[in-house]
Amino acid sequence: MKQPRKFYIYSRSSLYFLIFLVVSMFIAIIHLLIEDNFFENLKVLLATLSLLVTVGWIAFSSMGRIEIRKSEIVVDRNFKHYRLDPLTIVVRLGEKDSSRGITNYPIYVEGKIIGNGTSDRLVTLKFLGTKRKNKELLKYYQEHFQALVEANKALEQESTEVDFEQIVLASKERQQFPLRDLVEFGADQGDLEKTVFYHPKENKLYVGKSVPFPIIFTPSTVLFYGIYLLTDRVSFHGFIPLVLSFGLMLVIAIWQLQHRRQKYTVNVIPYEMPEHYFKVQKSNGLKTYLLILVFGLITLGLSILYLTFGSFLLLFISFLMWYLFVVLTLCGQFKKTHYLKILEKK
């Protein structure tokens, strides 16, 4: 395929309506400039502009351009630019919808995004096109991509049927480390079955099967709510039992995490870092820090509201937020950020 193939997907009704709104706005601007009744014309202009921004945006969001290149498929929609993997593309027609004399022919384009920090994220983009354009795009997809996509899916299913732990155990490069000697860097590109581990002494990355997390927050929350009630009735009231419950939850969470690290031994193989790995990890780290801050502030706010007004729901949710705060804080994001800097320098 020498030249990129382009498809412009739009519905005539949406296009005509969008043109009507744009022309109406220009007419309102001209009236505002040349006529004497300034405030009345300004109201008309603002009303037209609001329609263009709201209803017009909805009409515009149903349109788009699809450009098929050699190594990627580029989709422009809503001023957003998507680069999709051709081997994951799926094009399908939706059900025809007719209302108030207007017939819409929806078509869906699905695929995994190619790009910095967004690779393997699946998106589904909906367009409203003409019957002829939709059939033209669907026919082109069926002739040039459908067989390749189905073959790629079959290959991926075969590879995922084999347990990752078995692949690691069968590898000649397999190594075994106690979990306490490793730092968990998180899931491997979104795959929760795999975890990337960092060995500080060797300054290397490994990948292995994810180690289960010991704490389940709902039972823990119920437990600490019971501790709070018991403490409140037996000895103290108000602020002290709340702080005591939070403190006990922190102590038990620390013990559970340490017990987990002492208990498990993991089988790992060397990890090949994907492109933009450090950039993605830094972005994920900032999001984690932001979540820690948010959960901490929410816990503080709910606790103050509970002490002021009193409510089972407020107390229960504050325990949930505190639990999430504790877990994220103890999971080593600060240590991970430190070692990422060391690894990046190398």
Would you work out which of THR48, ILE9, LEU307 lies farthest towards the positive end of the dipole of the chain, given +1 charges on the beta-carbon of Lys and Arg and -1 on that of Asp and Glu, about the Cα centre? ILE9
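For the chain, what is the accessible area per residue in Å² when the probe is 1.4 Å? Can you show the working numbers first?
On the way: 21450 Å² over 346 residues.
On a per-residue basis, the chain sits at 62 Å².
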Find how many whole Å separate the alpha carbon centroid of the range 1-67 from the alpha carbon centroid of the range 175-190. 53 Å
Quick one: net charge around ILE269, please, counting Lys, Arg +1 and Asp, Glu -1 for every other residue with C-beta under 12 Å from its C-beta. +1
Debye, to nearest 20: dipole size of the chain, +1 on Lys, Arg Cβ, -1 on Asp, Glu Cβ: 560 debye
Nearest-ten-degree value, helix 312-330 long axis tilted from longest Cα axis of the chain: 80 degrees
Report the Cα-based extents of the chain along its three principal axes, largest first, to the nearest Å. 76, 62, 41
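Tell me the relative contact order for the chain as a rounded percent, counting alpha carbon contacts under 8 Å between residues six or more apart. Write down the numbers at each step before the final one.
On the way: 457 pairs, mean separation 44.3, N = 346.
The value is 13 percent.
The values are calculated or read from the model by the stated rules, or taken from the named source; none is laboratory data. What you see is a predicted model, and the numbers here were worked out from it, not measured in a lab. No Cβ is skipped: glycine too gets one built from the backbone with ideal geometry, and neighbour counts run over all protein chains shown. Surface areas here come from the heavy atoms of the whole protein model, side chains and all, with no ligands, DNA or RNA. Shrake-Rupley method; radii C 1.70, N 1.55, O 1.52, S 1.80 Å.
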